[in-house]
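Notes follow the structure.
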Amino acid sequence: MPVLDERCKAFTEPSRASEQINYAESGRQTRLLTIFTCGCILGSRTNTRAQRTDIVDQQTRSRMMSAIGGKNTKPELALRRALHARGFRFRIHSKHVYGQPDIVLAKYHAVVFVHGCFWHRHQGCRYTTNPSTRSDFWMAKFDANVVRDNMVRTALLANGWRVATVWECALRKPEKISATVECLSTWLVSAEDEIEIE
Ligand SMILES: [Zn+2]
């Protein structure tokens, strides 16, 4: 469990955060811990994104999703290299696991998604910008991504997988990559179902 550092900028709600960590340690934690690469736990939270039904038909969905691509991105490759160097072995983009997670670590019953901040709408992130033109088009596209991410994550958890979400902004600089891999490695050998690293 990363150390809670009260001096850290990410640490804004001391009493709430400590309370939630107690929950985490007592095993009563809701399943998602938000851990910053500085090593702080800002708090735990349940899924704040509302579950919504799909807003477009299946064909439109296919077209939208194929436009995203984003496999084997530079941050994803950096994470894979770092995990491999630490001795973790995994499959990538396995078609045998629902949602084709970027990384599947079968030994740990764990999957890792590396999410681009812009496409997957990393909340509160400086890279999650809003295009100024065709805003309805973009918003529908983004909503669809978020809905799909939630659906995939929920289904995987329901099927006994542990799910890690790593935002690309946590993989942009070498020192951040090290901190992220440290968090992820700790989580992999823990009993937590879910982690989000940003
Ligand atoms: Zn981000």
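Observations
- In this structure the amide hydrogen of Ile197, modeled in the peptide plane, comes within under 5 Å of the amide hydrogens of Thr165, Val166, Trp167, none closer than 5 places in sequence on its chain.
- Of the residues Ala85, Trp161, Val147, the one whose Cα sits farthest towards the positive end of the charge dipole of segment 54-172 is Ala85 (charges of +1 on Lys and Arg Cβ, -1 on Asp and Glu Cβ, taken about the Cα centre).
- Lys74, Lys141 arranged by Cβ crowding within 10 Å, fewest neighbours leading: Lys74, Lys141
- Neighbour-count order for Lys95, Lys107, Lys176, fewest beta carbons within 10 angstrom listed first: Lys95, Lys107, Lys176
- Listed by chain and number, the lysines whose C-alpha is less than 30 Å from the C-alpha of Lys107, apart from same-chain residues fewer than 8 away, are Lys71, Lys74, Lys95, Lys173, Lys176.
- Karplus-derived 3J(HN,Hα) values for segment 186-191, using 6.51 cos²θ - 1.76 cosθ + 1.60 with θ = phi - 60°, are 4, 5, 4, 8, 8, 9 Hz; glycine and proline are entered as x.
- Length-normalised contact order for segment 54-172 - Cα pairs under 8 Å, 6+ apart - percent: 30 percent
- For Thr128, distant residues with modelled amide H under 5 Å away: none
- Cβ charges +1 (Lys, Arg) and -1 (Asp, Glu), total dipole of segment 54-172, debye: 560 debye
- Under a model in which nothing but the beta-carbon of Lys, Arg (+1) and Asp, Glu (-1) is charged, segment 68-123 shows a dipole of about 180 debye around its Cα centre.
- Once Rg and the Kirkwood radius are both taken over the C-alpha atoms of segment 54-172, their ratio Rg/Rh works out to 0.98.
- Along segment 108-118 the Karplus relation, 6.51 cos²θ - 1.76 cosθ + 1.60 evaluated at θ = phi - 60°, assigns HN-Hα couplings of 9, 6, 10, 10, 10, 10, 9, 9, x, 4, 5 Hz to successive residues, with x for each Gly and Pro.
We did not get these values from a lab; they are worked out from the coordinates using the rules stated. Keep in mind that this is a model prediction, so the values were computed, not measured. Cβ coordinates were reconstructed from backbone atoms using ideal geometry, including for glycine residues, and neighbour counts include every protein chain displayed.
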